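Each remark here refers to the structure printed beneath this line.
Bear in mind that the values in this text are calculations on the coordinates, not laboratory data. All figures in this text were calculated on a predicted structure; none of them were measured in a lab. Don't worry about glycine lacking a Cβ; one is built from the backbone with ideal geometry, like all the others, and counts go over all protein chains shown.
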Amino acid sequence: MTYSAVTFIDGFPVLAAPLNAMSAELAILSGQANSEWIAYNSPSLTWTASSSNPSLGNGTLEGRYQLLGSKGVHLQVLLTYGSTSTPGTGYWIFNLPFTATADSVKFSKGIGFMDDISAQGRPGSSRIINTTQAIMDNSGGAVTGTSPVVPASPDRYTLDIVYDRV
């Protein structure tokens with residue numbers, strides 16, 4: 001957000017909405033913002049793939065984030081695979097709510113978990129692959145529509161990562 005000087009003139013009313021917005025931004029910039037979760041859902045949150053895109057069908061895609069200090073973001077994503085969902089091809093990609101810094105692309109790693117209803121839970125990791133996208137990894141590489149397992153309803157995939165925003 002860009003800031004500019006505000007000049008108040010005698011006799012003109014001061015509107016509450018702009019002052020509240022500036023107050024909220026200053027709280028975030030000063031690291032004093034409350035750490036409540038903010039919903040991050042469709043259409044802003046997207047699930048795509050590196051080759052051909054998956055289809056959510058009757059599955060669900062949910063996300064939320066917290067702002068940490070002046071630049072930090074804690075992101076959580078939950079994909080619940082539905083009976084009419086299709087996996088697409090290539091590794092799965094989830095977009096970020098804020099542009100990540102170049103250092104975050106290099107250094108930010110998180111956790112991932114694949115809750116496979118036919119077998120067992122499978123721990124994994126998550127990482128930022130560019131300034132706008134994150135993926136999940138497992139011991140065999142990036143999570144895809146065939147790895148670590150072929151998804152089925154209601155498998156659940158979770159991503160949890162902290163990164164710095166521009």
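Ranked by Cβ crowding within 10 angstrom, fewest neighbours first, how are 147, 85 ordered?
Numbers: 147 14, 85 24.
Least to most surrounded, the residues fall as 147, 85.
For the residues 68, 75, what sequence is obtained by ranking on other C-beta atoms within 10 Å, fewest first?
Details: 68 17, 75 25.
Placing the least packed residue first, the sequence is 68, 75.
Can you compute the modelled spin-label distance between residue 83 and residue 37, with each label point 7 Å from Cα toward Cβ, in nm?
That separation, rounded to one decimal, is 2.7 nm.
Got a sec? How would 115, 103 order by Cβ neighbour count within 10 Å, fewest to most? Each step should come with its number before you reach the end.
Values: 115 16, 103 10.
Going from least to most buried by this count: 103, 115.
Computed FRET efficiency, Cβ-Cβ of residue 48 and residue 70, R0 45 Å: what is it to the nearest 0.05?
Efficiency for this residue pair is about 0.90.
Can you pull out the chymotrypsin sites (Phe, Trp or Tyr not before Pro) in the range 35-119 whose DSSP state is coil and whose Cβ has at most 15 other Cβ atoms within 10 Å? Intermediate values should be presented prior to the final figure.
Values: sites: 37, 40, 47, 65, 81, 91, 92, 94, 98, 107, 113; in loops: 37, 40, 81, 98.
Passing both the DSSP loop test and the Cβ count: 37.
Could you calculate the contour length gain from residue 162 to residue 119, that is, 0.36 nm times the residue separation minus the distance between their Cα atoms, to one decimal place in nm?
Working: separation 43, 0.36 × 43 = 15.48 nm, distance 2.89 nm.
That pair, residue 162 and residue 119, stretches by 12.6 nm at full extension.
For residue 147 and residue 111, calculate 0.36 nm times their separation in residues minus their Cα-Cα distance, and state this gained length in nm to one decimal. Mind dumping the intermediate values first?
Working: separation 36, 0.36 × 36 = 12.96 nm, distance 1.67 nm.
Stretched out fully, the residue 147 to residue 111 stretch lengthens by 11.3 nm.
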